[in-house]
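The values are calculated or read from the model by the stated rules, or taken from the named source; none is laboratory data. Being a predicted model, the structure only gives us computed values, none of them experimental. Please note: Cβ atoms are built from the backbone with ideal geometry, for glycine as well, and neighbour counts cover all protein chains shown. Ligands, DNA and RNA are excluded from the accessible area calculation, which covers all protein heavy atoms including side chains. Shrake-Rupley method; radii C 1.70, N 1.55, O 1.52, S 1.80 Å.
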Amino acid sequence: MNFAKFSIEKNRISLSILAVVMIMGYVYYGSLSRDSMPPYTVRIATVVSSFPGASPGRVEELVTDKVEKIAQELPELKKVTSTSRTGLSVVTVELKMEVAPKDMQAVWDRLRRKLSNLQGLPSNVHPQLKDEGIGEVFGIAVGITSDGYSYKEVKEYADDLRDDLIRLKDAAKVEINGAQEERIFIKFDNSKLKTYGLTSSSLQGLITSTNILNSGGEVNIEEERIILEPTGNFNSILDIENMLIPIGNNGEVLSLGDITTIEKGYIYPQSQLVRINGMEGISLHVSLKEGLNVIELGEGVDRIIDRYNETLPVGLSVSRLASVDTYISYNIDNFVTNLLQAIAIVLVIMLVFLGIRTGLVISSLIPIVIVATIMIMGLLGVGLNQITLAALIMALGMLVDNGIVVAETILVKMEDGNSAKDAAISACAELFMPLLISTLTTSAAFLAFFMAESMMGDMMGNIFVVITIALLCSWIISLSIITLFSVFILKAEKKGTKKPGLIDKAISAMKGGYKNLILWALAWKKTVLLGIVGMLFLSFYGFTFLNVVFFPGSDRNIITVDVNLPQGTKIESTTATVLAIEAFIKDSLMVSGEKVDGIVSWSSYIGKGPAPYSLDYTPDEANSNYAHILVNTSHYLANTDLVNKLDAYCFNNFPNAAVKVGALSEGGAPVEIRVSGNDPDELARISATIKAKLFSMSGTKKDQKERSLS
């Protein structure tokens, strides 16, 4: 089929189809999902087991080893790794890529049943399989801070804020960080209990038997079913204080409040502390529903924040902590800017070398192809994210080639005396297969992303999909719409009838020079070939001078600080370290009237990291020796300088802490060494030897040693 012939002879149909594509593309552009990354499948789950008071060796022997053996029974298992530390076992289970997303839940349910039937564990150990929320990103985070309010009052406002955030149509989940668990504490003096013939165990048994939380059963009377609820359960602290405790053997009783002190409070120490810009607070993290628009979610969050800040009492405020929506909006605006720049550049170049008519024809290809690509992306369910935007930007530089070749070929044939219609039809027949092969070979260069059997393949595969769509659209539109526009717009004079202009003379001179170069190369074949081979090896040598960064720093205006103190460090000591870092940030790095580039805001999470705000960050289980600081900077160009200053301060002031300061997407440490074995003492000896050698090497700053058994 000759596309040009059809589009020219049926031009009304062709233009009508073009109009429909443009309208559909515009409509789909507004409805495309917008997120930081494309949807992907995480085939990983963790089994977390708490074993309070046990050493890493006992945790490994009594818990981790048994859980690992259960996980190894899964036929779908790819890899199992584990970490055993004081009082905690974490087993990570990774499934094979062959496991389809629809089959994963069945695999996890099977593992969950195996764990529930696991025999031989200590009585107080209950493994928990965590397979939900893995890989989920809470890209928008807000924080509520107070000055002079109690935690209870702040928590009530935080709960109201959560209720409003979860009602947003684009919000999937809202997680609260920094919440304290409320409890009722009964304090007593053992010597006082002893005078009444009581012990702590007997007192606990009496309280438990009185506070009945189970159902009392039901009674069926004719057609009515009556639920029985046992009395005696506690509804207030006063109920607990008035509970009667039998003492002695004479039927005497005392109220519980007479022999104990009963008060409401919070678990201490907390498992997680949240500080926002140097003040205690609570953070709320919002995730996006799959396939929806994170920019619209951010707009909804901003409206709620504005409303709360207008109505909250003095001393309470709500602010943004993480804003992936603004980053995505910024990237989309950059893409639109690149699109307009590409059209302008093509138009100017064509104007200079081929004239205004040719420039208009070829530059029209870019917006038509982009809109058609967006339409097909919408039909296929491919949204806008960092990957697809990168693919569209890469396609901008390639899709115009087809239009240039087609328009230039038509011009040449018209200069040879052919009519515009015959030139267009002939050019289409001549270029149909060469341009198709060129398009397919170009898109095939990105096929490896699509074929990769890994989570990275799930994410990066859209590069191949989007570029292939764009190039195929360019091929079709160049052979149909561009040929039609060429017939309507292009004008050309026969060769020899037009007086050559300055540009024509310059091009003719370049052609002459290029012809002489080719003739010289053919005359000195061996010399040219040896020179090419020599330049190849010279380029290999030149690569050795390039700096290699596998994970480049992110262009987001965010840097992170991970603080790891020695195992067993109290959360109070970790908090003191974080307070010192915050003081340095406030005194030396904050943006001010005279200082334009610096830190705008920060939030600290002590004891446990925040909900994952980026694919680059996954929080570990709660640990009192750990803290994470999320820092928002004025601009990503200021990140490097701020990272260096923070890193130098932490290195010089906290010799017992492993502090990692960096931008997002930098991956782990440049060099990581893992020592495996069954003898903990031997592992400790080897790791100490390696640590000493690392410190003696130039260029090493600090190592982080975690005693884990695997």
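The ratio of the alpha-carbon radius of gyration of region 439-489 to the globular-protein estimate 2.2 N^0.38 Å is 1.52. Ranked by solvent-accessible area (1.4 Å probe, protein heavy atoms only, all chains present), the residues SER554, SER698 order from largest to smallest as SER698, SER554. Taken over region 17-85, the alpha-carbon convex hull comes to 149 cubic angstrom per residue.
Candidate cross-link partners of LYS78 among the aspartates and glutamates, defined by an alpha-carbon separation under 13 Å and a same-chain spacing of 8 or more, comprise GLU68, GLU94, GLU98, GLU453. Between ASP147 and PHE185, the simple label model (points 7 Å from Cα in the Cβ direction) yields a spacing of 3.0 nm. Toward the positive end of the charge dipole of the chain, with +1 on the Cβ of Lys and Arg and -1 on the Cβ of Asp and Glu, the farthest Cα among LEU517, SER443, ALA322 is that of LEU517. Applying the criteria of a DSSP loop state and at most 13 other Cβ atoms within 10 Å to the chymotrypsin sites (Phe, Trp or Tyr not before Pro) of region 541-594 yields PHE545, PHE550. So, R0 is 25 Å and r is the distance between the beta-carbons of LEU380 and LYS102; what FRET efficiency does that work out to, to 0.05? Efficiency, from the Cβ-Cβ distance: 0.85.
Convex hull volume of the Cα atoms of the chain, normalised per residue: 290 Å³.
Between the beta carbons of GLN341 and ALA452, assuming R0 = 35 Å, the FRET efficiency works out to 0.65 to the nearest 0.05.
Given Cβ point charges of +1 (Lys, Arg) and -1 (Asp, Glu) and nothing else, what value in debye, to the nearest 20, does the dipole of region 168-321 about its Cα centre take? Roughly 660 debye, rounded to the nearest 20. Given a 1.4 Å probe and the protein chains as shown, SER201 ends up with an accessible area of around 90 Å². When you count the other C-beta atoms within 10 angstrom of each residue and take the mean per peptide, 522-532, 374-384, 475-485 line up highest first as 475-485, 374-384, 522-532.
If you wrap the tightest convex hull around every Cα atom of region 543-691 and split its volume per residue, you get 157 Å³. The slack between ASP239 and GLU408, meaning 0.36 nm per residue of separation minus the straight C-alpha distance, is 51.7 nm.
Could you compute the net charge surrounding VAL99? Neighbours are other residues with a C-beta less than 14 Å from the C-beta of VAL99; K and R count +1, D and E count -1.
-2
Sorting the Cα pairs of region 214-280 by distance into bins of 10 Å, from 0 upward, gives 14, 23, 22, 22, 14, 5, 1 percent per bin.
Other residues whose C-beta falls under 14 angstrom from the C-beta of GLU9 contribute a net charge of +3, scoring Lys and Arg +1 and Asp and Glu -1.
Of the residues SER82, TYR26, ASN11, the one whose Cα sits farthest toward the positive end of the charge dipole of the chain, with +1 on the Cβ of Lys and Arg and -1 on the Cβ of Asp and Glu, is ASN11.
Can you pull a Stokes-Einstein diffusion coefficient for region 14-131 at 20 °C (1.002 mPa s), Rh from Kirkwood over Cα pairs, as a whole number of µm²/s? Mind showing how you got there, number by number?
Working: Rh = 17.0 Å.
In µm²/s, the coefficient is 126.
Principal axis extents of the C-alpha atoms in region 394-467 (largest first, rounded to whole Å): 57, 20, 14.
Quick one: with all protein chains in place, what share of the accessible area of the chain is carbon or sulfur, to the nearest percent (1.4 Å probe)?
Details: 22500 of 39000 Å².
Roughly 58 percent, rounded to a whole number.
Projected onto its three principal axes, the C-alpha set of region 405-516 covers 62, 36, 20 Å, listed from the longest axis down.
How many angstrom lie between the C-alpha centres of region 42-113 and region 150-168? Their Cα centres are 35 Å away from one another. At a probe radius of 1.4 angstrom, the accessible area of the chain per residue rounds to 55 square angstrom. Dipole magnitude for the chain: about 3480 debye, using +1 per Lys or Arg Cβ and -1 per Asp or Glu Cβ, origin at the Cα centre. Taking all protein chains together and a 1.4 Å probe, the residues HIS285, HIS635 rank HIS635, HIS285 from largest to smallest accessible area.
Considering every Cα-Cα pair within region 64-134, what fraction, in whole percent, is farther apart than 15 Å? Here the tail beyond 15 Å accounts for 54 percent of pairs. Compared with the rule-of-thumb size 2.2 N^0.38 Å for a compact globular protein, region 43-198 has a Cα radius of gyration ratio of 1.43.
The Cα trace of region 335-462 gives Rg and Dmax of 17.1, 57 Å, the first to one decimal, the second as a whole number.
Rounded to the nearest 0.05, what FRET efficiency do PHE651 and ILE518 give with R0 = 51 Å and r taken as the Cβ-Cβ distance? Could you check? Each step should come with its number before you reach the end.
On the way: r = 59 Å, r/R0 = 1.17.
Once the sixth-power term is evaluated, E becomes 0.30.
Taking region 403-454, which GluC sites (Glu not before Pro) meet the DSSP loop condition and have no more than 13 other C-beta atoms within 10 Å?
Sparse-neighbourhood loop GluC sites (Glu not before Pro): GLU453.
Candidates ILE227, PRO39, ILE186 compared by Cα position along the dipole of the chain: farthest toward the positive end lies PRO39, with charges placed on Cβ. The GluC sites (Glu not before Pro) of region 296-383 include none that meets both conditions, a loop assignment by DSSP and at most 15 other Cβ atoms within 10 Å of the site Cβ.
Between THR640 and ASP159, the contour length at 0.36 nm per residue exceeds the Cα-Cα span by 169.4 nm. Working ranking of peptides 680-686, 588-594 by packing, defined as the average number of other Cβ atoms within 10 Å per residue, highest first, is 680-686, 588-594. If every alpha-carbon in region 243-333 counts as one equal scatterer, what log10 I(q)/I(0) does Debye give at q = 0.16, 0.22 1/Å? With no solvent term, the Cα-only Debye profile gives -0.86, -1.17.
Can you give the angle from 0 to 90° between the axis of helix 11-31 and the longest principal axis of the chain, with both taken from C-alpha atoms, to the nearest 10? With both axes taken from Cα atoms, the answer is about 20 degrees.
For the residue pairs LYS96/LYS130; LYS79/LYS691; LYS570/LYS645; LYS413/LYS515, alpha carbon separations beyond 21 Å are given by LYS79/LYS691; LYS570/LYS645; LYS413/LYS515.
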